[in-house]
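Student: Sharing a structure here in structure tokens format.
The values are calculated or read from the model by the stated rules, or taken from the named source; none is laboratory data. All figures in this text were calculated on a predicted structure; none of them were measured in a lab. Counting neighbours? That spans all protein chains shown, and the Cβs are built from the backbone with ideal geometry, glycine included. For the accessible areas, the whole protein counts, side chains as well, though only heavy atoms, and no ligand, DNA or RNA atoms are used. Shrake-Rupley method; radii C 1.70, N 1.55, O 1.52, S 1.80 Å.
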Amino acid sequence: PASSISGFDTYNTSNAYVDSDGGFYAWYTATAGTGTQTRSTDGQNAPASICPKGWRLPTGKNNGEFQALYNNYNSPSALRSNPVNFTLSGNVRSSSRYDQGLDGRYWSSTVNSGDYAYNLLLSTPGVYPANDNSKYIGFSIRCIAR
């Protein structure tokens, strides 16, 4: 990952940024280059990720693994506590950091459309396990065992 925050505004481009809050990855990067705009069927999952061997990105959408996680830990405070420990690290786009300390966004492997993919949005007032955003925005990732 780069120490430069620039470049998070283009689809199908590998962008990664690391700072004290962790790593931020465009969906293309998080899916190891398999998450292009041509992968556009709602509910389809990218076949690869940057997760270590034996691990993968969770699935998204209303019936995905982020939804199952929310069903078990159904409050923002529960998702920010042990054993889950999600953080409110914000996101990266247009060469800037946004919403640091206000929300945390985590990519899933699941497509919404050519331009959007599903993610978990965690904020102080709520949890949105089937949120979707532009694939070029830099979000965090959490890998799960295969």
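Student: From 145, 68, grab the single residue that is surrounded by fewer than 14 Cβ atoms within 10 Å (Cβ to Cβ), within 25 Å of residue 39 (Cβ to Cβ), touching a Gly at 6+ places or on another chain (Cβ under 7 Å) and small (Gly, Ala, Ser).
Tutor: Selected residue: 145, the only one of 145, 68 that is surrounded by fewer than 14 Cβ atoms within 10 Å (Cβ to Cβ), within 25 Å of residue 39 (Cβ to Cβ), touching a Gly at 6+ places or on another chain (Cβ under 7 Å) and small (Gly, Ala, Ser).
Student: Could I ask something else about it? Can you list residue pairs whose Cβ atoms sit under 9 Å apart, with the first residue in segment 86-105 being among the aliphatic types (A, V, I, L, M) and the second being crowded, with 21+ Cβ neighbours inside 10 Å and outside any strand (DSSP E or B)? Count only pairs 6 or more apart in sequence or on different chains.
Tutor: Between residues of segment 86-105 that are among the aliphatic types (A, V, I, L, M) and residues that are crowded, with 21+ Cβ neighbours inside 10 Å and outside any strand (DSSP E or B), the close pairs are 92/8; 92/15; 92/26; 92/137.
Student: Residues that are closer than 16 Å to residue 26 by Cα and of a type in the set (S, T, N, Q), at least 2 per element: which strands (runs of 3 or more DSSP E) completely within segment 37-146 meet that?
Tutor: So the answer is 103-111, 127-134.
Student: Also, I was wondering about something else. Could you list all residues from segment 49-71 that are among the polar types (S, T, N, Q), out of contact with any Asp or Glu (no Cβ under 6 Å at 6 or more places or on another chain) and within 20 Å of residue 140 (Cβ to Cβ)?
Tutor: 49, 67
Student: Let me confirm something: among 30, 46, which residue is more than 13 Å from residue 139 (Cα to Cα), of a type in the set (Gly, Ala, Ser), open to solvent by less than 20 Å² (accessible area, probe 1.4 Å) and touching a residue at least 12 places away in the same chain (Cβ under 8 Å)?
Tutor: Residue meeting the stated conditions: 46.
Student: I'd like the full set of residues that are touching a strand residue (DSSP E or B) at 6+ places or on another chain (Cβ under 8 Å), hydroxyl-bearing (Ser, Thr, Tyr) and modelled with pLDDT under 90, limited to segment 1-40.
Tutor: If the condition is that a residue be touching a strand residue (DSSP E or B) at 6+ places or on another chain (Cβ under 8 Å), hydroxyl-bearing (Ser, Thr, Tyr) and modelled with pLDDT under 90, then 3, 4 are the ones that fit.
Student: Further question: For residue 101, state whether it is at positive phi and in contact with an Asp or Glu (Cβ under 8 Å, 6 or more places away or on another chain).
Tutor: When the stated conditions are applied, residue 101 does not pass them.
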